[in-house]
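Below: the structure, in structure tokens.
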Amino acid sequence: KSCQTGKISTAETAVQSHTSRDAGVQTDQSKDAVQDFQQEVQVDYTSLLSFLQRVEDAVIKELNKNWKSRAFDGFEVNWTDQNETVLCLHTLSYPEAQDQNLQVTSVSWNATGSVVACSYGRLDGGDWSTEKSYVCTWNLDRRGLNPQRPDLVVDVPSSVMCLAFHPSQPSLIAGGLFGGELVVWDTSRTEDPVIWRTGMTDDTHTDPVYQVNWLPDTKHRNHARLLSVSTDGKILVWREERDGRLALAEGFAMVAQQIPRSTQLKKFAWGEAAVGVTSLSFSHFDPRVFVVGVEGGYSLKCSTAAETLALHRAGSSVPLRAPAELAFSPHGGPVYSVSCSPFHRQVLNLFLSCGTDGQVHLHSMLQTQPLVSLQLSEKYLFCVRWSPVRPLVFAAASGEGNCNKCFCFIGDVHLFDFGKSSQKPAVSIKQAAGECPVYCLEFNIKQTRLLAAGDATGTVKVWQLSSDFTEQGPREMNRLEQLASEITD
């Protein structure tokens with residue numbers, strides 16, 4: 001059925017005066033008017049109190065409803081302008097390091113998010129333990145920033161393989177060297193920035209250190225401990241000493257024979273051989289749980305609460321323990337990077353891994369098989385990092401080339417958004433000209449639109465991410481859980 005009103009009749013008219021005149025008037029200010037204006041406003045406080053008492057219950061009821069409402073879950077206030085592209089803000093380099101054909105092995109942001117540091121060394125094989133290398137820092141907020149003149153250059157007698165700024169002290173940065181040493185520099189001391197180091201002792205790693213992490217010291221709030229991993233199979237925790245030394249506090253050793261076996265995992269060479277560790281990431285919900293990537297292609301779930309002693313023959317000032325609890329389904333080659341999600345709820349405990357097979361695996365710590373396997377490149381993937389602000393976004397750094405099978409564009413930094421696709425990257429960025437690997441990348445936790453990536457040409461590029469990658473949408477956490485549960489089912 002339908003209904004239509006009767007026809008509406010309309011008429012248009014207009015009128016225009018034939019003459020016009022302008023006039024103006026200004027009152028004179030009087031003393032009485034000023035005094036009246038300055039007098040205090042009279043308020044009927046009795047009536048105001050009566051009104052507030054009448055509406056109090058209704059106001060409290062509405063405030064409680066708003067407080068408990070979940071209408072705006074997943075939304076964050078954005079005070080900056082929207083931008084729809086990924087832009088390269090800075091191209092940073094140290095010409096002297098490039099003249100030596102050194103590569104950027106690691107990048108790190110300081111606690112304020114304004115300073116980016118990079119380490120120089122080599123990751124493409126060979127013995128460069130005696131070759132001079134550098135640690136460089138740039139303050140991106142400084143006026144007159146010179147992208148080819150770092151604010152600080154630290155000369156290091158050995159290749160620096162990894163870096164990590166202190167989480168709360170902006171001037172402290174730790175590095176792991178090719179020769180197995182750990183060093184901590186204070187960037188506010190330009191003359192002699194070294195403040196702690198392990199030295200070469202029986203406790204020192206015998207292989208290159210591929211990752212360092214700062215850990216909170218539960219016994220001393222003002223101090224922090226350092227964790228290091230190496231392909232010698234050891235995961236060591238160091239404490240500060242007053243004489244400038246880093247002393248071994250506790251340690252773990254990865255031995256093939258002590259890694260839990262699975263009937264689905266048959267490729268591992270079980271025995272008493274050390275298992276080289278290449279990367280590590282701690283769970284954001286249980287500080288005792290961490291995941292490591294190893295040269296054998298596996299990701300392993302580990303615990304700092306492990307009590308079983310490792311079958312490790314080398315001498316050590318503290319007993320080394322066997323931390324492995326679970327081995328996940330392997331990659332087709334060594335795992336180079338792992339990253340635990342900072343977002344998902346504990347019931348899922350998700351993490352990412354990548355390696356020489358060009359794949360990224362999305363894993364739950366509750367099962368050995370990956371939830372998702374993504375072929376992002378025909379070449380190596382060197383680094384993977386979960387976004388600090390978007391539960392469905394991660395970035396991966398790849399070697400040269402492209403992969404037509406997975407619809408990748410030619411690019412070295414892949415930005416992936418599960419909200420848009422579970423099969424191909426949302427954006428792939430070409431970091432450097434030619435076939436040049438990107439070895440490392442880090443999101444900026446403080447200035448969340450910034451992503452730094454370092455490559456084999458000795459260049460660090462700072463990318464500004466579009467709002468698509470930095471603004472969390474509604475119920476994004478639920479979508480990640482739904483994705484994981486659908487695949488699991």
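Below are the figures for this structure:
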| item | result |
| --- | --- |
| Additional length obtainable on full extension of the chain from K65 to S373, 0.36 nm per residue less Cα span | 106.6 nm |
| Cα-Cα over 25 Å, subset of K424/K461; K234/K430; K132/K461; K301/K461; K379/K424; K379/K430 | K234/K430; K301/K461 |
| Computed over segment 87-486: relative contact order in percent, which uses C-alpha pairs under 8 Å that are six or more apart | 13 |
| Virtual spin-label span in nm between S47 and V194, 7 Å along Cα→Cβ | 8.1 |
| Segment 87-486 shape via C-alpha gyration tensor axes, a/c threshold 1.5 | rounded |
| Cα gyration tensor shape of segment 438-489, rounded if a/c is under 1.5, else prolate or oblate by comparing a/b with b/c | oblate |
| Sites S9 and K446 - FRET efficiency at Förster radius 60 Å, r taken between beta-carbons, to 0.05 | 0.35 |
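No lab work stands behind these numbers, since they all come straight from the coordinates. Only a predicted model underlies this, so the values are computations on that prediction, with no experimental measurement involved. All Cβ positions, even for glycine, are placed from backbone atoms using ideal geometry, and neighbour counts span all protein chains on display.
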